[in-house]
Amino acid sequence: MTIPAAASLSAIYRYPIKGLTPEPLPKVSLAVGQTLPADRSYAIENGPTGFDPASPVWKAKTHYLMLMRNERLAALRSHFDDATHTLTIRQDGAELVCGDLRSPEGRAAIEAIFTAHFADELRGPPKVLDGQGYSFSDVPIKVVSIINLGSVAALEGMIGKPVDPLRFRANLYVDSWPAWAELDMIGQPLAIGDARLKIVKRTVRCAATNVDPVTAARDLAIPTTLQQNLGHADCGVYAEVIEAGTIAQGDAVRME
């Protein structure tokens, strides 16, 4: 398969709190073996898990509030401030809470909102978990997730409806790759800006992608559609950063 040289980085997103609002970035500096800065740095624990930030052990996303089961998270609009570690959550334009995630008072204020709004979905008291360098990713290794917008367009053809690429909650969105080309790139090095990444794993899609990121409606059947048409539920890939550098929206994405 020939990959066009004109492929480009259409968008960059991070997700400071697992399950909450994606935040666009015009550019970002990548470090070797790390995620995007602040990506999935925090999570909302759904009942006690025994997570210890001093000795973190990877746990499946089902231990946290997340879109696969808690689609109403998509109706919240959150913003994380890096300088102060303050999280602000709004709903329907109104501020619900604002708290410093590094302080007991700030975490308690955030937790109270989830206690009140997600009571029927909780397995125990919700707790703000601070990874302190650990990333609450869906996979145990520190990676950057990539979505091929050509694959999203092909999926729209299968479904017969528009598909918002943000359903896939990726970090990097690449334009001008052929549909599904990314699935055959395992082991392939990529150059973006002055950073280098290596694709290491396909992304298997779950029911979180069925949730509209704007309306919070569970209105599509993306994993089922992929399975029926392709024989698998893979869409997108994970990549490890192998050479540090800065990447920016609009950068060329080059195969090496």
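Pairs under 7 Å by beta carbon, first residue free of Cβ contacts under 8 Å to residues at least 12 places away in the same chain and under 16 Å from L122 (Cβ atoms) in the range 51-71, partner among the charged types (D, E, K, R) and surrounded by fewer than 18 Cβ atoms within 10 Å (Cβ to Cβ), six or more apart or different chains?
Short answer, once both residue conditions are applied: none.
Scan the range 51-87 residue by residue and report those that are small (G, A, S) and closer than 21 Å to F114 by Cα. Break it down into steps so the answer makes sense when it comes.
Taking the range 51-87 and keeping what is small (G, A, S), we get 54-55, 60, 74-75, 78, 83.
Across the range 51-87, the qualifying residues are A60, A74, A75, S78.
For the range 1-23, give me each residue that is at pLDDT 95 or above, among the polar types (S, T, N, Q) and not in a strand (DSSP E or B). Break it down into steps so the answer makes sense when it comes.
First, pick out the residues of the range 1-23 that are at pLDDT 95 or above: 7-23.
From what's left, among the polar types (S, T, N, Q): 8, 10, 21.
Within the range 1-23, just T21 meets the criteria.
Mind checking which pairs have a first residue in the range 197-209 that is over 8 Å from P223 (Cα atoms) and touching a residue at least 12 places away in the same chain (Cβ under 8 Å) and a second that is part of a strand (DSSP E or B) and among the polar types (S, T, N, Q), Cβ under 9 Å, 6 or more apart or different chains?
Listed pairs, sorted by first residue: T203/S145.
In the set D82, D100, which member is acidic (D, E), modelled with pLDDT under 95, over 24 Å from I199 (Cβ atoms) and surrounded by fewer than 20 Cβ atoms within 10 Å (Cβ to Cβ)? Show your work before the answer.
On the way: D100 fails: modelled with pLDDT under 95.
The conditions single out D82.
The values are calculated or read from the model by the stated rules, or taken from the named source; none is laboratory data. Note that the structure is predicted; figures quoted are calculated from it, not measured. FYI the Cβ positions are ideal-geometry reconstructions off the backbone, even for glycines, and counts take in every protein chain you see.
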